[in-house]
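The values are calculated or read from the model by the stated rules, or taken from the named source; none is laboratory data. Only a predicted model underlies this, so the values are computations on that prediction, with no experimental measurement involved. With ideal geometry, Cβ positions are generated from the backbone for all residues, glycine too; neighbour counts draw on all protein chains shown.
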Amino acid sequence: MEIFDNSEFDNEVFESIDAQNISFMAKEFSRCSFKSCNFTGADFYGATFEDCLFEECNLSLVQIEQTRLNEVYFNSCKIQGVDFSKCDRLLLFLKFKSCQISDSNFSQLDLKKTDFSQSDIKHCNFIETNLHQADFKQCNLQNSTFHNCNLVRADFSGAKDYSFNPVNNKIRDAKFSFPEVVELLRFFQIKIKY
């Protein structure tokens, strides 16, 4: 695609770009904004995104193997089938706000203090993920798996449809809302009378 022919981009705004199945291999983006762009099936192999914003973009099935994502913000984006566990873990810092995230993998990543607030996070895997102080406020976590995660001081206020074993995850000082928090007790096979 002609607009992405250069290898380095700084402080640029890309709007309403259709970049389906385009290769961004080893390209570098710094302080760039992507608004209403379609990256479905794009290959970000080895690319670098620093201090970038994706707003109302479709990032479904994006390949991010060895992609560096430092200070990258996703606002109202669709993210489906993305394996974040394959990205470059050095300086990884992400923020998601009001996103539709599904069938994606966040396993074995350090996502300490990551903001996922107001997002639908469905059918996603968080296995051995560091989510210390992560923000899941007002999230829908339907069928997402949390196993052996650090959820210490994570905030699930107003979140719904989560279900994880509190014994297999560290949840000290995590915040939950009633009545959804009762779902955590089902792993103890007890009966609750209302």
Exercise. Can we say Leu90 is surrounded by 17 or more Cβ atoms within 10 Å (Cβ to Cβ) and either over 17 Å from Val72 (Cα atoms) or assigned by TED's automatic domain parsing to the domain that holds Val62 (or both)?
Worked result: no
For this session: Report the residue count in segment 1-37 for those that are among the charged types (D, E, K, R), more than 24 Å from the chain's Cα centre (by Cα) and assigned to a loop (DSSP other than H, G, I, E, B).
Result: 1
For this session: Tell me which residues, restricted to segment 1-19, are under 19 Å from Leu61 (Cβ atoms) and surrounded by fewer than 14 Cβ atoms within 10 Å (Cβ to Cβ).
Result: Met1, Asp18
Problem set entry | Inter-residue pairs, beta-carbon under 9 Å, first on the phi > 0 side of the Ramachandran plot and in segment 155-167, second exposed (fewer than 15 other Cβ atoms within 10 Å of the Cβ) and not small (Gly, Ala, Ser), 6+ apart | Asp161/Asn143; Asp161/Glu183
For this session: Within segment 96-141, track down each residue that is surrounded by 24 or more Cβ atoms within 10 Å (Cβ to Cβ), out of contact with any strand residue (DSSP E or B) (no Cβ under 7 Å at 6 or more places or on another chain) and over 23 Å from Leu53 (Cβ atoms).
Result: Thr129
Exercise. Residue check: is Lys35 outside the structural domain of Phe146 (by TED's automatic domain parsing), over 25 Å from Leu131 (Cα atoms), among the basic types (Lys, Arg) and surrounded by fewer than 18 Cβ atoms within 10 Å (Cβ to Cβ)?
Worked result: yes
